[in-house]
Amino acid sequence: MASPNAFDTDPRAPALRRFLEHHLPALERPPILASSDASARRYWRITHADQRSGMVMDAPPPGEAIAPFLSVADRLEAAGVPVPQRGAVDLEQGFLLLEDLGDCTLFQWRHGHSVQAVEEKLAEAVRWLPVIARADASGLPVFDAERLNREMNLFPEWYAPHVAAHPFTAADRATWQAARDLISARLIAQPQVFVHRDYHSRNLMVHEHSGALVTIDFQDAVTGPLAYDLVSLLRDSYIAWPEPLVESMQALLWHSLPDTLRGGRSLQEFQQDFAWVAVQRHLKVLGIFARLSERDGKHGYLKDIPLTWQHLHKALAALPELAPFTDWLTAFAPGDSVK
């Protein structure tokens with residue numbers, strides 16, 4: 001949490017002040033920086049004259065945009081998914097008034113609660129996934145081979161040289177491309193639905209008043225594999241959920257799906273889909289964490305690389321077709337600096 005006077009020296013302060021003076025002229029005090037994420041997007045907490053609080057999304061253009069967030073929020077809300085209430089917006093300057101959900105994510109909430117309570121809250125998150133999957137996906141970007149491969153290519157571009165200290169050779173690149181193309185083909189063959197794309201413990205808020213889960217950070221939604229959001233949740237780079245719990249949550253989702261989404265497939269086939277998605281996602285995430293450190297100076301994500309690596313190899317162990325790739329990948333284990 002930043003100190004209140006951080007607003008006075010923030011480069012976005014003049015524009016944010018004008019936005020607030022136009023829409024909320026009677027604020028009690030200057031905004032306080034409440035949180036930021038891996039992108040340049042940030043959130044400021046405001047206090048009204050009657051002591052009610054609110055949030056301002058600060059998405060500085062041209063790198064960030066609010067229009068996709070609003071579009072996806074409307075789609076999810078129409079489907080019945082809990083999302084933050086929205087207020088005044090300035091698309092040109094990149095500001096949006098939002099409901100204040102509090103500061104407690106699912107990641108934080110699980111501390112101090114019983115195992116049973118945490119499992120029930122995780123099950124609540126899983127039960128929303130069939131609803132999200134049926135949201136309107138028309139016009140959303142598609143997780144096609146080009147997009148999936150571009151994400152996985154963050155591994156050779158950023159992770160291999162900067163974390164593993166093992167830049168790709170020509171032979172490495174040939175091995176990589178063959179496996180990468182197989183992985184993307186398997187994801188494209190899965191049932192395609194609305195995908196939140198970052199549905200994990202730090203993007204699920206536990207509402208400070210109702211205690212219900214509210215999803216956030218959904219602006220990058222796509223049409224993609226049915227298993228994708230469940231992988232994001234259960235193979236979270238920040239939590240190692242117990243394996244029996246993962247399996248029970250996989251079954252919970254599968255049996256909650258309508259027949260139209262199951263498509264005659266079995267739970268075991270879905271678990272194979274889950275593993276293929278996990279491989280793609282974790283290769284991407286390893287690259288993202290390396291890039292955040294090397295390019296953006298956000299070194300805190302390096303500590304999450306070992307668990308992501310473990311998740312990757314757990315998925316690979318379920319896919320005998322990728323056994324040669326798994327053996328080749330051992331040369332890229334994270335170095336001692338991130339363990």
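The helices (runs of 4 or more DSSP H) falling completely within segment 254-339 that include 1 or more residues that are under 23 Å from the mean Cα position of the chain (by Cα), aromatic (F, W, Y) and within 22 Å of E243 (Cα to Cα) map to 267-294, 305-317. A165 passes every criterion in (1) surrounded by 14 or more Cβ atoms within 10 Å (Cβ to Cβ); (2) touching a residue at least 12 places away in the same chain (Cβ under 8 Å); (3) within 21 Å of V285 (Cβ to Cβ) apart from (1).
So is G112 at positive phi, without any contact (Cβ under 8 Å) to a residue 40 or more places away in the chain, in a loop (DSSP other than H, G, I, E, B) and out of contact with any helix residue (DSSP H, G or I) (no Cβ under 7 Å at 6 or more places or on another chain) or not? Taking the combined requirement at face value, the residue satisfies it. Please determine, by comparing only the residues of segment 39-69 that are surrounded by 16 or more Cβ atoms within 10 Å (Cβ to Cβ) and aliphatic (A, V, I, L, M), which one is farthest from the chain's Cα centre (by Cα). Applying the filter and picking the extreme gives I46.
Of the residues making up segment 131-148, those that are touching a helix residue (DSSP H, G or I) at 6+ places or on another chain (Cβ under 6 Å) and not in a loop (DSSP other than H, G, I, E, B) are V131, A145, L148.
Taking into account only those residues within segment 100-120 that are crowded, with 16+ Cβ neighbours inside 10 Å and among the charged types (D, E, K, R), which is farthest from E64 (Cα to Cα)? Filtering segment 100-120 for residues that are crowded, with 16+ Cβ neighbours inside 10 Å and among the charged types (D, E, K, R), the one farthest from E64 (Cα to Cα) comes out as E119. Within segment 246-255, identify whether any single residue is polar (S, T, N, Q) and surrounded by 14 or more Cβ atoms within 10 Å (Cβ to Cβ), and answer yes or no. Yes: one or more hits.
Within segment 222-238, being in contact with a Leu (Cβ under 8 Å, 6 or more places away or on another chain), outside any helix (DSSP H, G or I) and either crowded, with 16+ Cβ neighbours inside 10 Å or not assigned by TED's automatic domain parsing to the domain that holds R147 (or both) holds for V222, T223, G224, P225, L226, S237. The condition of being in the same structural domain as L312 (by TED's automatic domain parsing), among the hydrophobic types (A, V, I, L, M, F, W, C) and surrounded by 24 or more Cβ atoms within 10 Å (Cβ to Cβ) does not hold for L213. Look at L91 and say whether it is of a type in the set (A, V, I, L, M), at negative phi and not assigned by TED's automatic domain parsing to the domain that holds L70. Here the answer is no, as L91 does not meet what is asked. With respect to the conditions (1) at pLDDT below 90; (2) out of contact with any Leu (no Cβ under 8 Å at 6 or more places or on another chain); (3) over 26 Å from R197 (Cβ atoms), D10 falls short on a single one, namely (2).
The values are calculated or read from the model by the stated rules, or taken from the named source; none is laboratory data. Keep in mind the model is a prediction, meaning the values are calculated, not measured. Note: ideal-geometry Cβ built from the backbone for every residue, glycine included; neighbour counts use all protein chains shown.
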